[in-house]
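Working notes, beginning with the structure itself.
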Amino acid sequence: MHALSSLNLAIDTGEAVAFVGPSGSGKTTALKLITGSVRPSRGQVLLYSQDLSSHSPGELRRLRSRIGFIHQELCLLPHLRVWQNILVGRLGRHSLPASIRNMIRPPRKILEEIHHILSRVGIGEKIFQRTHHLSGGQQQRVAIARALFQKPRILLADEPVASVDPARAQNTVELLTQISREQGLTLCMSLHNLDLARNFFQRLIGLRMGRIVFDQPASTIERSQWENLYQLNSPQRPPDVP
């Protein structure tokens, strides 16, 4: 059984898309295909008209430096200070000596840039605090700031509101969609919350058992489609196309 099968879609530059569906439907795998960290066993993944499978490891590393990925687990280093966690977002662009130097004695210009991004996500005053002293919602914003510090062209978010309360979840999704519009970023987000997906995204891609169930404007999706997407007693999965 494949994590994804017969996936055929195109996402335009600057477009905001939400992947929705139950756990295990393939949402995270779809995001990882975009970064090249997961390679398809069949077919192609094209990024800016280039086949990711043709890239060398070095080329993929440079490509990923322009893709901001907000993980569900956040992947922060808890005992580092906030600014150090954010600086990690650009380590792939510098030599090892330069990276170590910046992590110990960052140039003032870099700290000012980090503070500006932190202020944009609402926690500018936390720049010098150790990350494990922050609340869960604040740590989430550090992860968002780290992705933005990369100056990405593409922003990917894997269930970024899975562990926060409803008010914080709405605020976070609103923030990410707003920043993406302001900066002209391509935004792909996986979500369980259908209301958030409908309220903040024009295009929704419904995944179930590794296949696309629907790919259409949020305003045109019927209630029956939502119910079928999350039904517990699902029909047997069709065989993968050879």
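The values are calculated or read from the model by the stated rules, or taken from the named source; none is laboratory data. All values derive from a computational prediction rather than experimental measurement. Neighbour counts run over all protein chains shown; Cβ positions are idealised from the backbone, glycine included.
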Legend entry - strands (runs of 3 or more DSSP E) contained entirely in segment 174-218, each with at least 2 residues that are β-branched (Val, Ile, Thr): 211-217
Legend entry - Residues that are over 16 Å from residue 80 (Cβ atoms) and assigned to a helix (DSSP H, G or I), drawn from segment 121-137: 124, 125, 136, 137
Legend entry - Unique match (being closer than 20 Å to residue 180 by Cα, of a type outside the set (Asp, Glu) and outside any helix (DSSP H, G or I)) among 72, 140: 72
Inset, instruction - Say whether the condition of being crowded, with 19+ Cβ neighbours inside 10 Å, modelled with pLDDT under 90, in contact with a Gly (Cβ under 6 Å, 6 or more places away or on another chain) and closer than 30 Å to residue 217 by Cβ is met by at least one residue in segment 50-70. - result: yes
Inset, instruction - Being in contact with a Phe, Trp or Tyr (Cβ under 6 Å, 6 or more places away or on another chain), more than 30 Å from residue 99 (Cβ to Cβ) and among the aliphatic types (A, V, I, L, M) narrows it down to one of 205, 212, so name that one. - result: 205
Inset, instruction - Among residues belonging to segment 9-35 that are out of contact with any strand residue (DSSP E or B) (no Cβ under 8 Å at 6 or more places or on another chain) and in a loop (DSSP other than H, G, I, E, B), point out the one that is surrounded by the most Cβ atoms within 10 Å (Cβ to Cβ). - result: 24
Legend entry - Qualifying residue in segment 150-158 (condition: modelled with pLDDT of 90 or more, farther than 16 Å from residue 67 by Cα and surrounded by fewer than 22 Cβ atoms within 10 Å (Cβ to Cβ)): no
Inset, instruction - State yes or no: is residue 100 crowded, with 18+ Cβ neighbours inside 10 Å and assigned to a helix (DSSP H, G or I)? - result: no
Legend entry - Condition met for residue 157 (without any contact (Cβ under 8 Å) to a residue 60 or more places away in the chain and at negative phi): no
Legend entry - Check on residue 196, touching a helix residue (DSSP H, G or I) at 6+ places or on another chain (Cβ under 7 Å), more than 21 Å from residue 47 (Cα to Cα) and crowded, with 21+ Cβ neighbours inside 10 Å: yes
Legend entry - Close pairs from segment 163-188: first over 18 Å from residue 148 (Cα atoms), partner surrounded by fewer than 17 Cβ atoms within 10 Å (Cβ to Cβ) and at pLDDT below 95, Cβ under 7 Å, at least 6 apart: 163/136; 164/136
Inset, instruction - Kindly establish whether residue 184 is surrounded by fewer than 21 Cβ atoms within 10 Å (Cβ to Cβ), modelled with pLDDT under 90 and over 20 Å from residue 9 (Cα atoms). - result: no
